[in-house]
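See structure below.
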Amino acid sequence: MLVVMQEGATEPQIQAVIDRMVALGFTVHRSTGVVHTVLGGVGPAERVDPADFEVIEGVKEARRIQSPYKLAGRHFCPAGTVVQVGDVDIGGPRVVVMAGPCSVENRDQVMHTAERVARAGARVIRGGAFKPRSSPYTFQGLGEEGLRLLREAADQYHLKVISEVMDHTQIPLVAAYADILQVGARNMQNYNLLREVGRQPKPVLLKRGPAATIEELLLSAEYILSEGNYNVILCERGIRTFETYTRNTMDLAAIPVVKKLSHLPIIADPSHGTGRRDKVLPMARAAVAAGADGLLIEVHCDPDHALSDGAQSLWPEQFEELMAQLRIIAPAVGRSL
């Protein structure tokens, strides 16, 4: 059930509608826009006539929500959500670039990479401290030491930190260092983890699973939103198809589709989307042209000797070239960098 309040509706009027919805068995989620306050009710909508709410003072309209994702849908926040991470706005007019190594290896690597990506215009440093790898014998990350190094580099170069959390028991540790918690593609349907990151206040970046539909991605976001955390960022990172030339098939069409279906910001990860260094730049350019709110790019100071995903990591010089190109493309689609 969706209840849209009139422009200028008072707080007592809004609270009266909330109380009525709760009494009928709804869990109410409030979204305050520039003009209207929207109340999304998750509950027995099929047993309630929307007309009963439209006669309540201060209500503009009420209707049932037919889509399975009630809170992630565009109708819940028609103007779009902007996720604020300190002085960084994700989903606003500025395209936000997050860059850094696939995994944190040592202090020199992180500090050098952070300095180069910050100088080029990145706003967030990415890096894995806990690495979900296909083989149990490959590098699994430095753990808390990796998080500490990321935080040190970010503070020195005025960046925010994003890092992946693999298990709900890791949330307090990762949240102590990172500004954004990342839920990786392998965990997109780890519903216990989604609920737990939804119960903490820090923004969450949710990656699309390699075999997930767009609806499944939005339903996974719904788990986080339903726990009260509305600071969710979606990420298109490629899906598995019959094509083997690239690591994944970068589904750029998902970006405008999600923009139509959901109010949540969406960024693109062309590094995982292609798995090939030479394809990252063209797909990053295309993602911004398609409307992405940001990019997640792997950058390594010596990718040929990286402990993970070196083949898809850019040299710092390539990242600088990409940022120069994006400064031309972004204004052409009404954005800035």
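The values are calculated or read from the model by the stated rules, or taken from the named source; none is laboratory data. This structure is a prediction, so every number in the text was calculated from the model and none was measured. With ideal geometry, Cβ positions are generated from the backbone for all residues, glycine too; neighbour counts draw on all protein chains shown.
Descriptive notes on the structure:
- Summed over the stretch 40-66, residues that are in contact with a Lys or Arg (Cβ under 9 Å, 6 or more places away or on another chain) and in contact (Cβ under 8 Å) with a residue 40 or more places away in the chain total 7.
- Taken over the stretch 1-12, the criterion of being surrounded by fewer than 13 Cβ atoms within 10 Å (Cβ to Cβ) and either at pLDDT below 90 or within 26 Å of Val82 (Cα to Cα) (or both) is satisfied by Glu7, Gly8, Thr10, Glu11.
- Check on Pro210, within 17 Å of Gln84 (Cβ to Cβ) and surrounded by fewer than 23 Cβ atoms within 10 Å (Cβ to Cβ): no
- Helices (runs of 4 or more DSSP H) contained in the stretch 263-337 and holding at least 2 residues out of contact with any Gly (no Cβ under 6 Å at 6 or more places or on another chain), over 20 Å from Glu236 (Cα atoms) and in the same structural domain as Ile162 (by TED's automatic domain parsing): 316-332
- Against the list (1) surrounded by fewer than 22 Cβ atoms within 10 Å (Cβ to Cβ); (2) touching a residue at least 12 places away in the same chain (Cβ under 8 Å); (3) over 19 Å from the mean Cα position of the chain (by Cα), the condition Gly80 fails is (3).
- Put simply, of Arg74, Arg107 the only residue that is assigned by TED's automatic domain parsing to the domain that holds Tyr177, charged (D, E, K, R), out of contact with any Gly (no Cβ under 6 Å at 6 or more places or on another chain) and in contact (Cβ under 8 Å) with a residue 24 or more places away in the chain is Arg107.
- Being at pLDDT below 95 and either charged (D, E, K, R) or within 16 Å of Lys207 (Cα to Cα) (or both) is a property that does not hold for Asp278.
- All positions within the stretch 13-30 that are in contact with a Lys or Arg (Cβ under 9 Å, 6 or more places away or on another chain) and either loosely packed, with under 13 Cβ neighbours inside 10 Å or closer than 13 Å to Glu54 by Cα (or both): Ile14
- Against the criterion of being assigned by TED's automatic domain parsing to the domain that holds Ile90, in a helix (DSSP H, G or I), under 20 Å from Asp309 (Cβ atoms) and touching a residue at least 24 places away in the same chain (Cβ under 8 Å), Ala175 does not qualify.
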